[in-house]
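This report concerns only the one structure given below.
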Amino acid sequence: MGPHTPLTRFLSDGWTTTRRNLIKIKRVPDILVFTLLQPIMFVLLFTYVYGGAITIPGSNYTEFLMAGIFAQTVVFGATYSGSAMAQDLKDGIIDRFRTLPMNDAAVLVGRTNGDLAINFLSVVVMMTTGFIVGWRINSSPLQAMAAVGLLLLFAYAMSWVMAFIGMSVRSPEVINNVSFIVLFPLTFVSNAFVPADTLPTPLRIFAEWNPVSALVQAVRELFGNVPAGTPVGDTWMQQHAPLAVLIGAGILLAIFVPLSIRKFSRVASR
């Protein structure tokens with residue numbers, strides 16, 4: 001395969017834009033610092049402020065909580081792709097990319113890969129903080145790696161969703177409001193912080209079919225944080241949570257990767 005084939009060019013351009021985003025984090029360390037402080041704050045806040053008020057039969061709230069914190073953090077971490085794309089469009093950086101002999105998709109790949117790196121670091125920080133406050137992995141190393149993999153896969157798929165939204169709004173300021181409206185119900189009306197069966201019926205039904213609930217359930221199972229005898233929701237997504245996350249992430253990628261690439265081509269050619 002020659003050095004200038006479309007595939008090698010795409011991979012080269014994707015790596016170049018990924019490096020750009022990673023170097024940006026290095027040059028503006030505030031981004032990384034505040035990104036990593038947020039999961040620490042949530043772990044400590046929910047563990048020590050709410051942990052004493054919430055009882056989980058057969059387990060402790062810290063073990064129940066951690067999967068929810070993992071899911072919430074990586075889902076909200078996906079918003080950086082949206083805000084960064086909106087900011088790049090406003091600053092005219094996308095126009096400069098268009099003057100280069102670069103694959104359109106490479107810009108989006110670099111942006112979402114940068115978010116993936118940040119989310120990986122966030123998961124490492126959260127796991128470390130969780131160990132400090134008493135959380136433990138009660139499964140095999142392979143299952144634990146699968147849990148981390150599912151978190152990052154779902155976050156990566158959400159990054160493409162938010163990148164599309166970021167290119168669809170009129171200003172970077174709007175993306176934060178849009179993200180809040182979309183992601184807040186997904187993360188809080190779920191089984192992330194309280195068992196879904198404790199919610200009122202309409203909210204319980206929403207929570208049981210919520211893809212974030214499937215992610216939380218899958219991570220709890222793979223980390224071994226589901227105590228014996230704990231009831232699992234009756235929906236297919238709750239009964240087959242890891243598979244549901246894989247299917248859901250695959251559907252999001254299949255829809256929003258081509259949509260985002262086409263959207264980028266349109267907005268960049270204005």
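The values are calculated or read from the model by the stated rules, or taken from the named source; none is laboratory data. Everything numeric here is computed off the predicted structure, so don't read it as measured data. Using ideal geometry, Cβ is built from the backbone for each residue, glycine included, and neighbour counts are taken over all protein chains shown.
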Fill in the blank from the handout: Conditions (1) free of Cβ contacts under 8 Å to residues at least 40 places away in the same chain; (2) more than 17 Å from the chain's Cα centre (by Cα); (3) surrounded by 15 or more Cβ atoms within 10 Å (Cβ to Cβ) -> T201 fails only (3)
Practice task
For residues that are over 21 Å from the mean Cα position of the chain (by Cα) and not in a helix (DSSP H, G or I), scanning just the range 138-174, find the one that is nearest to F46 (Cα to Cα).
Solution key: N138
Practice task
For the range 231-249, indicate whether the set of residues that are among the aliphatic types (A, V, I, L, M), modelled with pLDDT under 90 and in contact with a Gly (Cβ under 7 Å, 6 or more places away or on another chain) is non-empty.
Solution key: no
Fill in the blank from the handout: If we ask which residues in the range 82-103 are at pLDDT below 80 and among the hydroxyl-bearing types (S, T, Y), their number turns out to be 1
Handout entry: A157, sole failed condition from (1) under 29 Å from A84 (Cβ atoms); (2) in contact with a Lys or Arg (Cβ under 7 Å, 6 or more places away or on another chain); (3) of a type in the set (A, V, I, L, M, F, W, C)
Key = (2)
Handout entry: Hits in the range 236-259 (condition: more than 17 Å from the chain's Cα centre (by Cα) and crowded, with 19+ Cβ neighbours inside 10 Å)
Key = M237, Q238
Handout entry: From the options P227, P185, residue that is surrounded by fewer than 16 Cβ atoms within 10 Å (Cβ to Cβ) and touching a residue at least 60 places away in the same chain (Cβ under 8 Å)
Key = P227
Exercise for the section: Could you please let me know if A78 is under 19 Å from V212 (Cβ atoms) and modelled with pLDDT of 90 or more? Expected result: no
